[in-house]
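The values are calculated or read from the model by the stated rules, or taken from the named source; none is laboratory data. This is a predicted model, so every value here is computed, not measured. Neighbour counts are summed over all protein chains in view; Cβ atoms, including those assigned to glycine, are modelled from backbone coordinates with ideal geometry. Accessible surface areas use protein heavy atoms only, side chains included; no ligands, DNA or RNA. Shrake-Rupley method; radii C 1.70, N 1.55, O 1.52, S 1.80 Å.
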Amino acid sequence: MQLIILGSGSPIPAPDRAGPATLVRTSAGDLLFDAGRGVLLRATSALSGAVAFAAVFLTHLHSDHTTDLNDLVTTRWAMSLTPNPLRVIGPVGTAGLVAATEAMLELDTGYRLAHHDDLEWRPATVATDVTEGVVFEEGDVRVLAAATDHAPVHPTVGYRVEDRGRSVVIAGDTVPCAGLDRLAAGADVLVHTVVRRDQIEALGIPRLLDVLGYHSAAPDAAATAERAGVGTLVLTHMVPPVQPGSEQEWVDQAAAVFGGTIVLAEDLTTVDPAPAART
Ligand SMILES: [Zn+2]
């Protein structure tokens, strides 16, 4: 099993950070978690891509986590030589979002069907709305979902991927909550979106202050990781964007409450899950 942060960015555009997306390489194939801005560019760098994904999981339907879903649908369809439905799993609302995406692509679908004689099928998706429990099972791989807390955005879910004794948890956007605690318990790696409370409060911009209520600051994510006893905490989706030279501040804020390994993600940061080595 291998974890690759495809996009470490947030809704705020940044030249070197794609939108939220995480790839988990498993014995059952590549699993993608969220489909933010530029996901297929980074997937290509990781030698993966739209045709390769065994399934796509959405943590929630905020646009920064779903904006390139249309690119996945079209690219998989146009690059597959036989019908190859894209499996999409996410919180309630996901099936509707996927149907609306296919409707949005209707003109393009028509152009390509009319142009390519060998393309005799439409883009295909299998979308499933999920809440709790096992949501994917193939070979040795199991993915579990649990409700997270990103209120007022509802519903939202986190995921735990298990494969041959290793485990990775994708928290998505959430404040500390019981669902995430259950999911993360004893995991090798926890991937958690984070914000900087001190910097956002100092900026004092109302729309930015709003995000403090439904995101975890680095110490909050670290406290979850500590309670769960995970081995490695990966911080991603940093808001505001990480200022050059300030990387260690983010790590230090988390290290004050978490004794495991801390990784401040960049695009294509790669982690090989391993048993916890706690200090
Ligand atoms: Zn969100």
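How many residues are within 16 Å of the ligand (Cβ to nearest atom) and either in a strand (DSSP E or B) or surrounded by fewer than 14 Cβ atoms within 10 Å (Cβ to Cβ) (or both) when one looks only at region 49-91? Steps first, answer last, please.
Filtering region 49-91 down to residues within 16 Å of the ligand (Cβ to nearest atom) leaves 57-69, 90-91.
So of that shortlist, the ones also either in a strand (DSSP E or B) or surrounded by fewer than 14 Cβ atoms within 10 Å (Cβ to Cβ) (or both) come out as 57, 63, 90.
Qualifying residue count for the region: 3.
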> For region 240-247, does any single residue satisfy the condition of being in contact with a helix residue (DSSP H, G or I) (Cβ under 9 Å, 6 or more places away or on another chain) and either assigned to a strand (DSSP E or B) or over 21 Å from Ile5 (Cα atoms) (or both)?
Replying inline: no
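Considering each residue of region 157-182, count those that are farther than 17 Å from Phe136 by Cβ, more than 16 Å from the ligand (Cβ to nearest atom) and under 17 Å from the mean Cα position of the chain (by Cα), and give that number.
First, pick out the residues of region 157-182 that are farther than 17 Å from Phe136 by Cβ: 165, 171, 173-182.
If we keep only those that are more than 16 Å from the ligand (Cβ to nearest atom) as well, we get 165, 178, 181-182.
Now restrict to residues that are under 17 Å from the mean Cα position of the chain (by Cα): none.
Within region 157-182, residues that are farther than 17 Å from Phe136 by Cβ, more than 16 Å from the ligand (Cβ to nearest atom) and under 17 Å from the mean Cα position of the chain (by Cα) number 0.
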> Hey, does region 256-270 have a residue that's in a helix (DSSP H, G or I), open to solvent by less than 50 Å² (accessible area, probe 1.4 Å) and not basic (Lys, Arg)?
Replying inline: no
>> Every residue in region 30-48 that is open to solvent by less than 10 Å² (accessible area, probe 1.4 Å) and assigned to a strand (DSSP E or B), please.
In response: Leu31, Leu32, Phe33
> How about region 225-253: which of its residues are acidic (Asp, Glu) and within 16 Å of Val191 (Cα to Cα)?
Replying inline: Glu226
>> Can you tell me how many residues within region 229-241 are open to solvent by 20 Å² or more (accessible area, probe 1.4 Å) and farther than 22 Å from Asp163 by Cα?
In response: 1
